[in-house]
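Working notes, structure below.
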Amino acid sequence: PITSHIAGDIRQLFKHVQERLESGQSVDATRLASLEWRYLGVLKRHGTSPKGLHTMLAANARFFAEVLSAVFRSRKERQDSAQPPSDEELARAENAYALLRSWKTLPGTRSDGTVDEDELMNWVAEARKLCGEAGRLEVCDLRIGEMLGRSEREENDGSWPCIPVRDLIEEVDSDEIVRGFEIGIFNKRGMYRKSLIEGGKQERDLSKQYTTYAEACDIEWPKTAAALRRVARHYEDEARREDEEAQDRD
């Protein structure tokens with residue numbers, strides 16, 4: 001068993017190597033990712049991000065498909081013929097799920113935070129091809145959509161999401177990607193606080209924000225705009241419920 005002292009040393013060692021990787025120094029990224037996978041449980045418990053694995057996911061669609069296969073059963077697999085997973089397979093699935101949940105690096109992301117649209121499109125095309133052949137296209141699209149929901153703003157005007165993401169949503173035309181995109185937006189909010197009588201101000205502000213984002217997409221990116229408006233309506237409905245609950249408490 002790994003003691004807390006040893007776990008702390010492991011975390012510090014990974015942090016040092018990850019900093020070298022981020023600064024552009026010579027690091028065997030594949031070896032780093034392999035070690036992060038082995039110690040993923042330790043890193044997760046101590047709040048250390050597996051940056052080598054995140055980099056590998058963003059660079060290698062085949063690796064993404066392999067990680068996905070560790071968590072989700074293929075639609076080609078008959079339910080009645082599936083064998084119960086071993087302890088090793090369960091542990092691998094838990095690690096893979098945690099890795100996918102923590103991953104926020106969009107494929108094609110440059111060092112300045114902008115996104116190379118061609119790289120993003122090529123990565124998504126390969127991931128969808130591999131996962132489609134393996135009977136996991138739907139869950140692949142959902143995960144891609146969630147990742148898009150955590151993308152950055154457009155650098156030129158501050159609108160959101162960035163144009164490569166909008167182009168991808170329009171070009172691929174997948175309901176699951178759009179649904180995952182909306183889920184990713186909601187999950188991005190994370191934990192939040194409010195007083196008992198605050199009402200729906202936070203949700204109303206979010207509704208206005210996503211309405212503004214939708215307006216910037218209306219002409220060239222109608223599918224993206226429609227998704228953003230659904231998010232805005234969701235927050236507006238939530239704001240009304242929060243207002244009613246706050247009035248009841250007052």
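The values are calculated or read from the model by the stated rules, or taken from the named source; none is laboratory data. As the structure is a computational prediction, the values presented were derived from the model and not from experiment. Glycine gets a Cβ as well: all are built from the backbone with ideal geometry, and neighbour counts include every protein chain shown. Heads up: the accessible areas ignore ligands, DNA and RNA and are worked out on the full protein's heavy atoms, side chains in. Shrake-Rupley method; radii C 1.70, N 1.55, O 1.52, S 1.80 Å.
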**Complete:** Projected area averaged over all directions for the convex hull of the alpha carbon atoms of region 171-212, nm², comes out at 3.9
**Message:** Below 28 Å, Cα to Cα, which lysines can Lys76 reach? Residues fewer than 8 away in the same chain don't count.
**Reply:** Lys129
**Request:** Quick one: net charge around Cys162, please, counting Lys, Arg +1 and Asp, Glu -1 for every other residue with C-beta under 10 Å from its C-beta.
**Result:** -3
**Asked** Going by a ≥ b ≥ c, the root eigenvalues of the Cα gyration tensor, does region 116-197 fall in the rounded group (a/c under 1.5), the prolate group (a/b larger than b/c) or the oblate group?
**Response** oblate
**Request:** Return the FRET efficiency for the residue pair Ala70, Ile183: r is the Cβ-Cβ distance, R0 is 25 Å, and the value is rounded to the nearest 0.05.
**Result:** 0.75
**Fill in**
Here the net charge surrounding Arg128, from other residues whose Cβ is less than 13 Å away from its Cβ (Lys, Arg +1; Asp, Glu -1), is -3
**Message:** Leaving out ligands and nucleic acids, and using a 1.4 Å probe, what accessible area per residue does the chain come to in Å²?
**Reply:** 58
**Prompt:** Hey, what did region 116-250 get for relative contact order, percent, Cα under 8 Å, at least 6 apart?
**Reply:** 23
**Asked** Can you give the Kirkwood hydrodynamic radius for the chain, in Å, rounded to one decimal and based on Cα pairs?
**Response** 20.2
**Request:** Any lysines with Cα under 17 Å of the Lys44 Cα? List them, leaving off those in the same chain fewer than 8 positions away.
**Result:** Lys15, Lys104
**Prompt:** If you find the alpha carbon centre of region 216-241 and of region 100-123, how far apart are they in angstrom?
**Reply:** 24
**Item:** Cross-link reach list, lysines versus Lys208, counting only Cα pairs under 22 Å and skipping chain neighbours closer than eight places
**Value:** Lys188, Lys194, Lys223
**Item:** Cut-off under 5 Å, modelled amide H: who pairs with Val115 long-range
**Value:** Arg110
**Complete:** So for R0 = 35 Å, FRET eff. of Gln83-Ala29 from the Cβ-Cβ r, to 0.05, ends up at 0.50
**Request:** Among Ala134, Thr114, Val124, pick out the residue whose Cα is farthest towards the positive end of the charge dipole of region 107-146, where Lys and Arg carry +1 and Asp and Glu carry -1 on C-beta, about the Cα centre.
**Result:** Ala134
**Request:** Select from Trp221, Pro164, Ser69 the residue farthest towards the positive end of the dipole of the chain; place +1 on Cβ of Lys and Arg, -1 on Cβ of Asp and Glu, and compute about the Cα centre.
**Result:** Ser69
**Message:** If I require 15 Å or longer along the helix axis, counting alpha carbons, and a Kyte-Doolittle average no lower than 0.5, what helices from the chain are left? Use full DSSP H segments.
**Reply:** 61-71, 137-148
**Message:** Please compute, over every Cα-Cα pair in region 73-146, the percentage with a separation greater than 18 angstrom.
**Reply:** 56
